[in-house]
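The values are calculated or read from the model by the stated rules, or taken from the named source; none is laboratory data. All values derive from a computational prediction rather than experimental measurement. Glycine also receives a Cβ, built like all others from the backbone with ideal geometry; neighbour counts cover every protein chain displayed. Accessible surface is based on the protein model in full, side chains and every heavy atom, while ligands, DNA and RNA are left aside. Shrake-Rupley method; radii C 1.70, N 1.55, O 1.52, S 1.80 Å.
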Amino acid sequence: MNGSGTERPLGRSGISVPALGVGTNRWNSSAPDQDLARLGDTLAAALDMGMGFFDTAEIYNHGRSEMALGEAARQDGRPVLLASKFAPFRPRVTAAQFASALDKTLERLGRDSLDLYYLHYPRSLRGVGAWMRAMSSAVRAGKIRAVGISNCDVTQMRQAVRVLARYGIPLAANQVQYSLLHREPETDGVLDACRRMDVALVAYCPIGRGAIGTGPTARSGRPDLAETLREVAAARSATAAQVALAWLLKRDDHVIPIPGATRPEHVRENSGALSLELSEEEFAAIDRASVPAPVR
């Protein structure tokens, strides 16, 4: 267990990012209460709060998330760290198709290069290794600074590390779902592998798609967790979401949560986790309450 810190390394890539980032999978969606000006305010708030690490993907709202993020970054003008993802759809089998997809992502973001580029998921006709070779070419071309994978298990992580090592490139991150409601990275070996290989674990849905600390948490069969989070939050003048994020940050220095946010107030609330240092007793109580009861 470790403290939160303000920045965390992306493995051995030489790049450090804020310990808490921003997920943008709902940016520029069809939600009626969303507009580009509000998203610009959201980006500005994140930068103000020291959370200038933004995660997107070409498939988020058919590229509209990338476009909104790129426009917001241009309007603000301050430096931001951007990550996006390549989707290995079944028709995509060549390095040229990879390069074309990356160029389109860069165009939508208005960037010459990306700070971090992921393989979005491992299911592909080509396999992880082939796409890591394509990633290495993009690194050599200066179009991406660091290489990541997403939704990959330990075997796929090892394969990615092995192929990238041939080109002298470290694997920077594995982005997987991780929260108090989804602790599989602790049991499937991914968190331990990130430690051993020195790879960042970028945690998506770190507050359970908004369920943590609200009614749906209790209804999902986890009333003990909901009550424990409420107790700790009340004692710390915090919110349950802040406590849940603080738990992840304390869990391990390799963990970088990226809670989604489409409004400035979401970012401001999430940022409170950065200054919330849980005691060992609080951490342990949350840990116990979040372990699922055995199936009888």
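Some points to look at:
- Whichever residue in the range 40-66 is in contact with an Asp or Glu (Cβ under 9 Å, 6 or more places away or on another chain) and of a type in the set (A, V, I, L, M) and, among such residues, is farthest from D112 (Cα to Cα): A45
- Scanning the range 33-77 for residues that are at pLDDT 95 or above, among the aliphatic types (A, V, I, L, M) and outside any loop (DSSP other than H, G, I, E, B) gives L39, L43, A44, A45, A46, L47, M67, A68, L69, A72, A73.
- Count - residues of the range 117-161 that are touching a strand residue (DSSP E or B) at 6+ places or on another chain (Cβ under 7 Å) and without any contact (Cβ under 8 Å) to a residue 12 or more places away in the chain: 0
- Of the residues screened, I256 is not one that is within 25 Å of V17 (Cβ to Cβ), touching a strand residue (DSSP E or B) at 6+ places or on another chain (Cβ under 7 Å) and open to solvent by 10 Å² or more (accessible area, probe 1.4 Å).
- Any pair with Cβ under 9 angstrom, 6 or more apart, that starts in the range 276-296 at a residue that is in a loop (DSSP other than H, G, I, E, B) and open to solvent by 30 Å² or more (accessible area, probe 1.4 Å) and ends at one that is charged (D, E, K, R) and modelled with pLDDT of 95 or more: E277/K250; V291/R183; P292/R183
- The residues listed here are A96, A165, A173; of these, the one that is small (G, A, S) and in contact (Cβ under 8 Å) with a residue 24 or more places away in the chain is A173.
- Test result for E265, assigned to a loop (DSSP other than H, G, I, E, B), surrounded by fewer than 19 Cβ atoms within 10 Å (Cβ to Cβ) and at pLDDT 95 or above: no
- Applying the condition of being in a helix (DSSP H, G or I) and surrounded by 21 or more Cβ atoms within 10 Å (Cβ to Cβ) to the range 209-225 and asking which residue is modelled with the lowest pLDDT yields T217.
- Residues of the range 40-83 satisfying the condition of being out of contact with any Leu (no Cβ under 7 Å at 6 or more places or on another chain), surrounded by 22 or more Cβ atoms within 10 Å (Cβ to Cβ), in contact (Cβ under 8 Å) with a residue 40 or more places away in the chain and within 19 Å of T105 (Cα to Cα): D55, A57, S65
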